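Have a look at the structure below, then the notes.
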Number of protein chains: 2
Amino acid sequence: MKQFVVVLCAGGLLTGLIGYDTPASGQVAGDNAPVMLELPPGYRDWPLIAVAHEEGKLNDLRAILGNEIAIKAARAGTLPYPDGTIIARLAWDYHPLEESKEAFGNAQSFVAVTPKNGVQFMVKDARKYASTGGWGYIEFDDGKPSSKAMPSACFACHTTVKSRDFVFNRYAP
Amino acid sequence: MKQFVVVLCAGGLLTGLIGYDTPASGQVAGDNAPVMLELPPGYRDWPLIAVAHEEGKLNDLRAILGNEIAIKAARAGTLPYPDGTIIARLAWDYHPLEESKEAFGNAQSFVAVTPKNGVQFMVKDARKYASTGGWGYIEFDDGKPSSKAMPSACFACHTTVKSRDFVFNRYAP
């Protein structure tokens with residue numbers, strides 16, 4: 001299905017979210033050191049790459065945002081993504097929109113409410129992250145690097161889309 | 001439910017999409033003249049206000065974007081929105097993500113594919129659009145103003161959220 005505008009940032013990151021234990025120390029250790037210590041400034045204002053809805057345990061509405069390098073490459077379909085690309089995945093809990101229910105007579109509108117499942121990033125540096133396909137992976141929970149989503153776990157799932165430079169999402173026109 | 005991060009741009013616009021007939025001439029006439037003749041330059045790169053999923057006849061995944069004035073007001077919860085605010089609603093058809101199905105063993109990821117239900121805008125000018133709550137409404141189909149979504153139809157539904165300056169959506173943090 002070539003026309004798919006695939007929006008999920010993270011198969012591996014999803015797996016990490018579902019199945020990973022937090023180390024007893026609460027610290028990320030060794031080669032799992034976070035690729036960033038702070039949220040990228042202004043990331044919430046980055047342009048939108050795509051949107052998605054996740055069922056199952058994740059059960060959220062989500063958006064994929066990209067920095068300038070990312071949005072340019074995503075829009076053009078450039079592969080591999082250039083170094084400097086940063087892709088962000090935001091997700092929210094969702095609920096029926098009461099006002100819409102009034103208007104339509106049934107709950108047909110479901111809207112994002114509160115942040116959920118962390119904020120996840122893929123950072124491209126072909127040399128630095130050569131062992132994980134050229135991408136560094138990180139999740140932030142409450143603004144701080146999480147110990148849950150580790151590069152190796154993320155990468156394991158992202159290999160599913162190796163032919164797309166390990167990126168699940170595609171630009172939603 | 002005060003915590004709702006309500007994302008739908010358009011109750012009225014939705015109604016317009018579902019129920020409106022195109023005039024025989026194919027032109028928008030009289031007080032239904034379009035508030036813009038062309039898509040606002042760069043609107044696709046505007047920051048994200050919120051995301052939503054619409055069931056029923058609309059059946060889409062959608063994103064609400066805002067120009068600089070809109071995003072600032074939405075983030076701060078400023079009401080009424082200042083003149084110059086432009087809010088955009090984009091929507092897409094969606095499908096299960098095949099690669100995710102492989103990874104999880106079931107279709108749990110649904111991703112935006114092709115544009116659907118037009119691109120809709122609310123434009124704030126308290127004086128110019130005084131008769132419709134200070135907002136002009138317009139839909140673009142294939143890059144051209146649509147004759148379907150007319151100000152009066154949009155406004156009729158947006159009165160449901162008069163207390164929020166006629167805006168359904170709220171900023172998704």
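Would you tally the net charge around residue B:140, using a Cβ to Cβ cut-off of less than 14 Å, leaving residue B:140 out, and scoring K and R as +1, D and E as -1?
Neighbour charge sum, excluding residue B:140 itself: +1.
Would you mind giving the mean number of other chain beta-carbons within 10 Å of the Cβ of each residue in B:112-118, as a whole number?
Mean partner-chain Cβ count within 10 Å for B:112-118: 5.
Given label points at 7 Å from Cα along Cα→Cβ, what nm distances, shortest first, separate residue B:130 from the same residue in every other copy?
Here residue B:130 shows inter-copy label distances of 6.9 nm.
Which entries of A:116/B:72; A:128/B:116; B:57/B:162; A:124/B:101; A:57/B:144 have Cα-Cα distances beyond 31 Å here?
As for pairs spanning more than 31 Å Cα to Cα, those are A:128/B:116; A:57/B:144.
In peptide B:157-165, what is the residue-averaged number of other protein chain Cβ atoms found within 10 Å of each Cβ?
2
Return the distance in nm (one decimal) between the two label points of a simple spin-label model at residue B:144 and residue A:39, each offset 7 Å from Cα along Cα→Cβ.
Label-label distance for residue B:144 and residue A:39, simple model: 4.3 nm.
Under the convention of a label 7 Å out along Cα→Cβ, give the distances in nm from residue A:173 to the same position in every other copy, shortest first.
With the label placed 7 Å along Cα→Cβ, residue A:173 yields 3.7 nm.
Whole-Hz ³J(HN,Hα) for each residue in segment A:110-124, computed from phi via Karplus 6.51 cos²θ - 1.76 cosθ + 1.60 with θ = phi - 60°, x for glycine and proline: what do you get?
For segment A:110-124, the Karplus curve yields 10, 10, 5, 10, 10, x, 8, 6, x, 10, 10, 10, 10, 10, 8 Hz.
Under a Cβ-Cβ cut-off of 12 Å, what is the net charge of the residues other than residue B:104 that fall near it, where Lys and Arg count +1 and Asp and Glu count -1?
Cβ neighbours under 12 Å give a net charge of -3.
Going 7 Å from Cα along the Cα-Cβ axis for the label, what nanometre distances separate residue B:79 from the same residue across the other copies?
In nanometres, ordered from closest: 4.6.
Bear in mind these aren't lab numbers, they're just calculated from the coordinates by the rules spelled out. Just so it is clear, the model here is predicted, and its values are computed rather than measured. Here Cβ is always computed from backbone atoms with ideal geometry, including for glycine, and neighbour counts include all displayed protein chains.
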